[in-house]
Each structure stands twice: as structure tokens, then as C-alpha cells.
Amino acid sequence: MDENIRRDDNLKRIEVKIAGMNYVLKTDEDEEYIMKIANFINKKMSEVIANEPHLSTSLSAMLTAFLITDEYFKHLQVCEEKLSAQTNDTERYQREIEEYKEKLKEAEEKIAEQTEQIEKLNEIILSLNQELENTKLELERTKKELDDFINTFDGDR
């Protein structure tokens, strides 16, 4: 009991007016927030009373509570549907990400293989260029020998 009294000491007292009646609420919520709720309830109850003026205050309050709860559940359902759709989208996006990761891994492996092949081909090209240079030198040396041989015979005539 003492605990409840101490808890009540920390609560603010906020006065609100709904359907012409004053109520004092004890709460730890922000006053602006409480006034927003009270104004919403008052507006809804005024609409109910305007549409059904013959109802008692308690029946008007009950109908107002029912209408507000109906709105709440409809909004809740919309939120749940959106959350479900977002969850489905998230799962689909995660699957797509995994697929793209796999494709990226395959592409990286292919690039590594092709890079290795390019390096081997570059070594072959380097070797062939060296062989070509050696062949050119050999050809020049052979041509010089042939020219020298021909000149030796031409000089004898």
C-alpha cells in the first residue's frame, strides 16, 4: 500500500474536459500528449452525440469507445499488413543479395582464372618475342655469311 502511495506521489494531475464533464487524471505522461488524447475522445464523442442525441452519456461513451477501438484495430491491421509485406520484401532482398554474392564469387574466380591465363600467355608472348629476336639475329648473321660468301666468289672473277 505504501508503495502505491509513493507511486501516486510521482504522478501529475491533469484536468481534461470530455463531453462537457471535467475529469482529473493522474499520470506520468506528458500533459500535451494527454490533452491530445482527451481532445480526440471529446471530438469523437461529440460526433456520436450529434448523430445519436437520444443516447445517454454512458451509452454515448460506450459507442465512442467502440468506434475508437474499431479505428485502432483497422489501423493495427494495416500496420501488420505493411509489416508483413516489408518482411517478405526483406526476405526476397536477402535472397537476391545471396544470389548476387554467389555470382560475384563466381565472377571473381573466373577473373582469377583469366588473369592466370593472361599471365601465361604474356610469358609465351615474351618467349616468342625473344625467339623472334634470336631468329632475326640468326637471319642477319646467315645473310652476312651468305653475302660474304657471295663476295668471295665475286672477288675471284
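Simple point charges give the picture: +1 on the Cβ of Lys and Arg, -1 on the Cβ of Asp and Glu, and for segment 83-137 a dipole about the Cα centre of about 100 debye.
When only the Cβ of Lys, Arg, Asp and Glu is charged (+1, +1, -1, -1), the dipole of segment 1-121 relative to its Cα centre reaches about 720 debye. Couplings for segment 118-132, taken from phi via the Karplus curve 6.51 cos²θ - 1.76 cosθ + 1.60 with θ = phi - 60°, read 4, 4, 5, 5, 4, 5, 5, 4, 4, 5, 5, 5, 5, 5, 4 Hz in order; Gly and Pro are left as x. Per residue of the chain, the DSSP helices (runs of n ≥ 4 H) give a summed -39500 (n - 2.57) that works out to -30500 deg cm²/dmol at 222 nm. Principal axis extents of the C-alpha atoms in segment 82-131 (largest first, rounded to whole Å): 71, 10, 5.
Neighbours of LYS105 by Cβ distance under 14 Å: Lys/Arg scored +1, Asp/Glu scored -1, total -4.
Apply the a/c threshold of 1.5 to the C-alpha gyration tensor of segment 31-83 and tell me whether it is rounded, prolate or oblate. Oblate shape, in that a/c is at least 1.5 and b/c is the bigger or equal ratio.
Label-to-label distance, MET21 versus ASN151, with points set 7 angstrom from Cα along the beta-carbon direction: 13.1 nm.
Here the 3J(HN,Hα) profile of segment 44-54, calculated from phi with Karplus coefficients 6.51, -1.76 and 1.60 at θ = phi - 60°, is 4, 5, 4, 5, 4, 5, 5, 7, 9, x, 7 Hz, Gly and Pro shown as x. Rolling a 1.4 Å probe over the protein heavy atoms gives segment 68-157 an accessible area of 96 Å² per residue. The amide H of LEU25, built 1.01 Å from its N in the peptide plane, has ILE14, GLU15, VAL16 as neighbours under 5 Å, considering only residues 5 or more places off or on other chains. Here the chain has 55 percent of its accessible surface on carbon and sulfur atoms, given a 1.4 Å probe and all protein chains in place.
Here's the picture: a label point sits 7 Å out from the Cα of ILE111 along the beta-carbon direction, and within segment 72-104 the residues with their amide nitrogen under 20 Å of it are 97-104.
Taking segment 31-141 as the region of interest, the number of lysine pairs whose Cα atoms are within less than 20 Å, with members eight or more places apart or on different chains, is 6. Entry for segment 1-109 at q = 0.13, 0.19, 0.22 Å⁻¹: log10 I(q)/I(0) = -0.73, -1.03, -1.12, Debye formula applied to identical alpha-carbon scatterers, no solvent contribution. Of the residues TYR72, ILE49, LEU132, the one whose Cα sits farthest toward the positive end of the charge dipole of the chain, with +1 on the Cβ of Lys and Arg and -1 on the Cβ of Asp and Glu, is ILE49. Taking every Cα-Cα distance in segment 114-157 and sorting them into 10 Å bins from zero, the calculated P(r) comes out as 25, 25, 20, 15, 10, 5, 1 percent.
The values are calculated or read from the model by the stated rules, or taken from the named source; none is laboratory data. Given the structure is predicted, the values throughout are model-derived calculations rather than measurements. Note that we place each Cβ from the backbone using ideal geometry, even for glycine, and neighbour counts take in every protein chain shown. Side chains included, ligands, DNA and RNA excluded: accessible areas come from the protein's heavy atoms. Shrake-Rupley method; radii C 1.70, N 1.55, O 1.52, S 1.80 Å.
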